[in-house]
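**Student:** The structure's right below; bear with me while I get my questions together.
The values are calculated or read from the model by the stated rules, or taken from the named source; none is laboratory data. Just so it is clear, the structure is predicted and the values come from calculations on it, not from any experiment. Cβ: placed from backbone, ideal geometry, glycine included. Neighbour counts: every protein chain shown. Ligands, DNA and RNA are excluded from the accessible area calculation, which covers all protein heavy atoms including side chains. Shrake-Rupley method; radii C 1.70, N 1.55, O 1.52, S 1.80 Å.
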Amino acid sequence: MMDFGEQTIIASNESKGIVNAVRDVFDGKKMETNPTKELLNLSIGDPTFFGNLPVHQVMKEAVKEAVDSDNFNGYGPAHGLLCARQTVAKHYTTPEAPLTDDDIIITCGCSGALDSCFTVLGEPGQNILVPVPVYPLDSCVAASRGLTIKCYQLSVRQPDRQWEADVDKMDQLIDKDTVAIVVVNPSNPCGSVYSKQHLLDILAVAEKHSLPIIADEIYNDLVYKGQHSYPIATLSKNVPILSCGGIGKKYLVPGWRVGWILIHDRHDRFKKEVVPSLIKVSRKSLGITTLVQAALPKILDTVPKSYYENTMSLVEANANIAYGELSVVGGLTPVMPSGALYMMVGVELSKFPHINTTVEFMEKLMAEESVFILCGECFLSPGFIRLVLLMPSEKMKESCHRIREFSYRHYEV
Ligand SMILES: *Cc1c(COP(=O)(O)O)cnc(C)c1O
């Protein structure tokens, strides 16, 4: 009898082509901690990680009711239960960008939404514009579809114009094979929130080239006091927009895996091909779990605004702590965010002669201080580190003290 011997079963090139900048940085790395210091993890963008942000009671009840009803044990429509699509339409429709349940596709998280949009809009060999610092999933999903990413750089130009795109450069990146512009607002990893004018400037580029926009708006409404995030579709009457979102971040349940695409069709540009294809793509998985979809109306209708405002108060307080603690440290330049759950800190490597890259900064900080941050390389942006601002404020303070100590120790003029 033949047996398998040493033979390896071969995986497809498509699957092997899936890249993930974060995994690439960590590949084969053993991140050593300092055994005398408690690990402080500022690397994970999962709001459940520290246990300090409990899930709203109403949400638990909503899922329990869905289970107990016995009405949601069968298959639903692949692109989402009608009640889920209706409730998403009701909550996200605006006079400027109206939505009905036909304009909603329910997906497996916001990542599933992005995957569907990239799949439907792009052919292998074509390209898509993404912002850098990049949300790593964008490059991962693009690569898995054989799409090339063309990066438009976000930069800190003035204190009040943080992490904006240079729209002239964006314009120059576009060629005949460009299929869409990805806009992430508010931003992971930057924590920035675009002004209305900046969104209008981006829309003008899309309009000039007749390109659709894929808007990753999972952090819509997750902004600091006095800030406002505009859904980009509310600012244009002409540009077709697929807005991706979900409940993971706003409602603190990323594991529940419910997301959506809001289809803002303009002059029926998506109607003939894109909408039917988005529905076809959803059929590949026969849809997502019905239980959380069934709970969605109660979640969106009854969980009060104060629930996510409370999260953002913590995030803003932590941003103030980190900014205060780190802006006085030579060689570090924290960039004050206005929304989402993150802060980027610039690292002037020339001031740290024994640290050559921000990957090394990350590793040494972990080895000496047991503080875990992500290096900018994870976001294709060396020279920065990213902090997640979700931990209890006492721990945030402690983390920043340790980053300070570490930086002082390695700083040389
Ligand atoms: C977390 C995150 C996602 C993924 O959301 P899921 O609903 O967990 O799939 C997508 N985009 C951005 C910018 C994110 O930060």
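**Student:** So, in region 68-90, of the ones that are in a helix (DSSP H, G or I), in contact with a strand residue (DSSP E or B) (Cβ under 9 Å, 6 or more places away or on another chain) and among the hydrophobic types (A, V, I, L, M, F, W, C), which residue ends up farthest from the ligand (Cβ to nearest atom)?
**Tutor:** Here the residue is ALA89.
**Student:** With the requirement that a residue be within 6 Å of the ligand (Cβ to nearest atom) and open to solvent by 20 Å² or more (accessible area, probe 1.4 Å), what does region 106-120 give you?
**Tutor:** SER111, the sole residue that qualifies.
**Student:** Could you grab me the full set of residues in region 251-284 that are within 16 Å of the ligand (Cβ to nearest atom), at negative phi and touching a helix residue (DSSP H, G or I) at 6+ places or on another chain (Cβ under 8 Å)?
**Tutor:** Correct list: TYR251, VAL253, PRO254, TRP256, VAL258, GLY259, TRP260, ILE261, LEU262, VAL281, SER282.
**Student:** Within the bounds of region 368-375, is there any residue that is out of contact with any Leu (no Cβ under 9 Å at 6 or more places or on another chain) and open to solvent by 10 Å² or more (accessible area, probe 1.4 Å)?
**Tutor:** Yes, region 368-375 has at least one match.
**Student:** I would also like to ask the following. Among the residues of region 288-301, is there at least one that is more than 16 Å from the ligand (Cβ to nearest atom), over 16 Å from TYR92 (Cβ atoms) and assigned to a loop (DSSP other than H, G, I, E, B)?
**Tutor:** Within region 288-301, none of the residues are more than 16 Å from the ligand (Cβ to nearest atom), over 16 Å from TYR92 (Cβ atoms) and assigned to a loop (DSSP other than H, G, I, E, B).
**Student:** Also: In region 202-250, which residues are closer than 19 Å to LEU314 by Cα, away from the ligand (no atom under 16 Å from the Cβ) and open to solvent by 20 Å² or more (accessible area, probe 1.4 Å)?
**Tutor:** LYS225, GLY226, GLN227, HIS228 - these are the residues of region 202-250 that are closer than 19 Å to LEU314 by Cα, away from the ligand (no atom under 16 Å from the Cβ) and open to solvent by 20 Å² or more (accessible area, probe 1.4 Å).
**Student:** Would you point out the residue of region 284-327, among those that are modelled with pLDDT of 95 or more and charged (D, E, K, R), that is nearest to SER69 (Cα to Cα)?
**Tutor:** LYS298
**Student:** Kindly indicate which of VAL141, VAL130, VAL134 is within 12 Å of the ligand (Cβ to nearest atom), within 17 Å of the chain's Cα centre (by Cα) and part of a strand (DSSP E or B).
**Tutor:** VAL130
**Student:** Which residues, counting only those in region 121-138, are out of contact with any Ser or Thr (no Cβ under 8 Å at 6 or more places or on another chain), under 17 Å from ASN20 (Cβ atoms) and surrounded by fewer than 22 Cβ atoms within 10 Å (Cβ to Cβ)?
**Tutor:** Selection gives PRO136 alone.
**Student:** Across region 91-105, which residue is nearest to the ligand (Cβ to nearest atom) among those that are touching a residue at least 40 places away in the same chain (Cβ under 8 Å) and not acidic (Asp, Glu)?
**Tutor:** Among them, the one singled out is ILE105.
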